[in-house]
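**Student:** Please read through the structure below; I'll follow up with questions.
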Amino acid sequence: MTSKRRTPSMKPAQAMGLALAAGLYFAWSSVYGSDVPDYAVNDTFVYDNGRVERVVAVEDEDIVWANRSGRQYVRKNSFFTPILSWESRSIEGERRLRGAYALWPLETGRSVQFTAISSITEKESGKKRRSVQRWQCRIEKPQTVSVPAGEFETTPIKCASLSRSTLRILSERTWYYAPDVGHYVKQRRTNFLTGVTSEFALAATLEGRMANSARIKAILNSLDKD
Amino acid sequence: MKNAFSSLSIAGLVLGGGMFAGLPDGARAMEFERDAWSLRLDLIAALQGAYFEVDDGPGTESDTDGVFDFTARATGEYAFENGWVAGVRVEYDSDFDEESDVGGGTDFDFVRDEVYGYLATPWALVEIGEQDGPADRLSYHAPTLGLGQIRGNFSRYAGSSALLSPFDTQDSPKLVVTSAPWRGLRAGVSYGADYKENQDEPNPRRRTIQENPIEIGVQYQRAVGDIVLGVSGAYVTADADPITEREDISSWSAGGEARWNNWRVGAAYVDRGDSNGRLGRDESEVNYGVAWDNRKWGVAASGATIDRSSRSRQLAAIGGFYRPHRRVFLRSDLVYSDVDFDDGRQEDSIVFVTEIEFRL
């Protein structure tokens, strides 16, 4: 009597589930690549112009940030893309991005053009309005950048903002992304209408318990003194 | 004084100005947004005065003059869910156009200036209607703050203005397609209906009829360090109706501009050739200028050298603006013009023109 060896087999539903998971993984990899920032709650970035960006929640690839005054906003982990939802005293807004995440993985010369469509609601009246922003982004050659927080190898991501109606270039922003930091260490902005350029750079990073309000305040005070 | 520069106009302007200036500085009274729709209305009233002197050799004449201007502009837009934007823009204003007024007059007319519709997509802007073409829109040249300086309102009173960019078909009906920037490079092309001026003129030689007008414009702009640099090129062509005995349009220009920290420096070379002229015009122009503008106030200086077959002309201007309120502009220009004719005659003029403008 010969014994029959049972070969491992999967039910069709299991196979489909595995295939779906693999597909999602490869889709994720192809879109974001391996160098996508990996944020954790309480990661805090303090810039020399007083800007503070603190992670308060991570929901899949949606990152909930808080600024210096504690106001929260949501952005994908592509820091160069416009925020996806925000709220102020008088309005709340939501934004959809079409085609914004194709820059990952960050390879020199890679470019993307995307449109941000916002729906803004006035809290008091409930009136809604739709706004459109047009962006063109491109990965520049790697650069070594010196900022108050140190010297970093960076990948510059240059994005031009276009007029929604005339398509003329209104401004250009460059984010200098440092993989070692997992965030941008400098942002430079040029207004194409006036020729005025401004920039700010990373002064300090904090994480975990170190990212408490007392320490953030101390860093900001030391920046004010400088 | 022109008849339009009447006491009624002044009274209206003062009354309107008081009303405009009474609005809060940040008010956006004439912008309406609801869902995907937006509508912006601009009502602009201006009172302009000028002092000018003309020295044509035998003697010098001086005079003062003034004009009341009014512009009404409406822009309506619809933003589609995919981010495309469709819009319509209509502009009516009091017209002063030497070439369109029979006999080079300076009549006050309230006429349609621009009417066009557009569709903006991520890849291109498509416009159809009566508006400027890409040769005008994409060209860099001398900056012209104030009242237009070398291409400004001074020519209402004495002398004629510089071209700045190719001789074109102005606001004649056309279809314009302009690309979105690609690494800073934009290109546009237009094709339009016949370009016509002075059609009521009984003498066909005083009319302008240019058929099959095509305009092409190319512009490249990028930031280099702290400076925003731009270069441009433009070409315009059209076929003259033989009845006018004028030449075809064939005009081009090349220009450049640099912007840095509210400063702007620009220059262009314009070859008009014989475009729309008679008896061999062969005109070329070099214009240049520098400006500083922080949106609250600005000053500029510009100049042009214009050579044509029978004369050469120099224009020099300084001017500026001050904005004491979001809805109020004060503008002034001082323009000197020197025309040297081949037969030795000379004609100099100097124009000081100033204006207060109210916007609602």
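The values are calculated or read from the model by the stated rules, or taken from the named source; none is laboratory data. Source: prediction; values computed, not measured. Positions of Cβ are backbone-derived with ideal geometry, glycine not excepted, and every protein chain shown enters the neighbour counts. Calculation scope for accessible area: heavy atoms of the full protein, side chains included, ligands and nucleic acids excluded. Shrake-Rupley method; radii C 1.70, N 1.55, O 1.52, S 1.80 Å.
**Student:** On the given criteria, is residue A:185 in contact with a Ser or Thr (Cβ under 7 Å, 6 or more places away or on another chain), more than 14 Å from chain B (Cβ to nearest Cβ), of a type in the set (A, V, I, L, M, F, W, C) and assigned to a strand (DSSP E or B)? Steps first, please.
**Tutor:** Values: in contact with a Ser or Thr (Cβ under 7 Å, 6 or more places away or on another chain): yes; more than 14 Å from chain B (Cβ to nearest Cβ): yes; of a type in the set (A, V, I, L, M, F, W, C): yes; assigned to a strand (DSSP E or B): yes.
Taking the combined requirement at face value, the residue satisfies it.
**Student:** For the stretch A:65-168, please list each of the strands (runs of 3 or more DSSP E) lying entirely inside it that holds at least 1 residues being under 27 Å from residue B:183 (Cβ atoms) and touching a residue at least 40 places away in the same chain (Cβ under 8 Å).
**Tutor:** In the stretch A:65-168, A:128-139, A:143-147, A:150-162 are the strands (runs of 3 or more DSSP E) which contain 1 or more residues that are under 27 Å from residue B:183 (Cβ atoms) and touching a residue at least 40 places away in the same chain (Cβ under 8 Å).
**Student:** Which condition from (1) assigned to a strand (DSSP E or B); (2) more than 19 Å from residue B:46 (Cβ to Cβ); (3) touching a residue at least 60 places away in the same chain (Cβ under 8 Å) is the one that residue B:275 breaks?
**Tutor:** Every listed condition holds for residue B:275 apart from (1).
**Student:** Out of A:167, A:206, A:223, A:193, which single residue is crowded, with 20+ Cβ neighbours inside 10 Å and touching a strand residue (DSSP E or B) at 6+ places or on another chain (Cβ under 7 Å)?
**Tutor:** It is A:167.
**Student:** Could I ask something else about it? Which condition from (1) in contact with a Ser or Thr (Cβ under 6 Å, 6 or more places away or on another chain); (2) within 10 Å of chain B (Cβ to nearest Cβ) is the one that residue A:168 breaks?
**Tutor:** (1)
Residue-wise test of (1) open to solvent by 80 Å² or more (accessible area, probe 1.4 Å); (2) small (Gly, Ala, Ser); (3) in a loop (DSSP other than H, G, I, E, B); (4) at pLDDT below 95.
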position	(1), (2), (3), (4)
B:11	no, yes, no, yes
B:18	no, yes, no, yes
B:65	no, no, no, yes
B:75	no, no, no, no
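**Student:** Moving on. Being more than 11 Å from chain A (Cβ to nearest Cβ), among the charged types (D, E, K, R) and under 24 Å from residue B:284 (Cβ atoms) is true for just one of B:201, B:245. Which residue is that? Give the derivation first.
**Tutor:** Working: B:201 fails: under 24 Å from residue B:284 (Cβ atoms).
After ruling out the rest, the residue left standing is B:245.
**Student:** Okay, next question. Output the number of residues of the stretch B:125-157 satisfying the condition of being crowded, with 24+ Cβ neighbours inside 10 Å, part of a strand (DSSP E or B) and touching an Asp or Glu at 6+ places or on another chain (Cβ under 7 Å).
**Tutor:** So the count comes out to 0.
Per-residue answers, yes or no, for (1) of a type outside the set (A, V, I, L, M, F, W, C); (2) in contact with a His (Cβ under 6 Å, 6 or more places away or on another chain):
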site: B:223; (1), (2): no, no
site: B:227; (1), (2): no, no
site: B:232; (1), (2): yes, no
site: B:235; (1), (2): yes, no
site: B:244; (1), (2): yes, no
site: B:252; (1), (2): no, no
site: B:266; (1), (2): yes, yes
site: B:273; (1), (2): yes, no
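**Student:** Only one residue in B:217, B:225, B:192, B:188 is farther than 30 Å from residue B:50 by Cα, in contact with a Ser or Thr (Cβ under 6 Å, 6 or more places away or on another chain) and within 14 Å of chain A (Cβ to nearest Cβ). Which one?
**Tutor:** Exactly one of B:217, B:225, B:192, B:188 is farther than 30 Å from residue B:50 by Cα, in contact with a Ser or Thr (Cβ under 6 Å, 6 or more places away or on another chain) and within 14 Å of chain A (Cβ to nearest Cβ), namely B:188.
**Student:** Could you please find all residues in the stretch B:271-281 being surrounded by 16 or more Cβ atoms within 10 Å (Cβ to Cβ) and of a type outside the set (Gly, Ala, Ser)?
**Tutor:** Within the stretch B:271-281, B:271, B:272, B:274, B:276, B:281 meet the criteria.
**Student:** Continuing with this model, one more query. Which one of the conditions (1) more than 14 Å from chain A (Cβ to nearest Cβ); (2) in contact (Cβ under 8 Å) with a residue 60 or more places away in the chain; (3) assigned to a strand (DSSP E or B); (4) within 26 Å of residue B:213 (Cβ to Cβ) does residue B:321 fail to meet, given that it meets all the rest?
**Tutor:** Result: residue B:321 fails condition (4) only.
**Student:** Mind listing whichever residues of the stretch A:110-140 are over 18 Å from residue A:84 (Cβ atoms) and within 14 Å of chain B (Cβ to nearest Cβ)?
**Tutor:** Selection gives A:110, A:111, A:113, A:122, A:125, A:126, A:127, A:136, A:138, A:139, A:140.
**Student:** Which residue out of A:93, A:99, A:70, A:150 is within 12 Å of chain B (Cβ to nearest Cβ) and out of contact with any Leu (no Cβ under 6 Å at 6 or more places or on another chain)?
**Tutor:** Within the list A:93, A:99, A:70, A:150, the selection yields A:99.
**Student:** A follow-up question, please. Among (1) closer than 28 Å to residue B:314 by Cβ; (2) open to solvent by 20 Å² or more (accessible area, probe 1.4 Å); (3) within 14 Å of chain A (Cβ to nearest Cβ), where does residue B:183 come up short?
**Tutor:** That leaves (1) as the condition not met.
**Student:** So, one more: Residue check, residue B:122 against (1) in a loop (DSSP other than H, G, I, E, B); (2) open to solvent by 10 Å² or more (accessible area, probe 1.4 Å); (3) touching a residue at least 60 places away in the same chain (Cβ under 8 Å), all met but one. Which one?
**Tutor:** Just one mismatch for residue B:122, condition (3).
**Student:** Determine which single condition residue A:202 fails, assuming it passes every other condition in (1) free of Cβ contacts under 8 Å to residues at least 60 places away in the same chain; (2) assigned to a strand (DSSP E or B); (3) away from every other protein chain (no Cβ under 14 Å).
**Tutor:** For residue A:202, the exception is condition (1).
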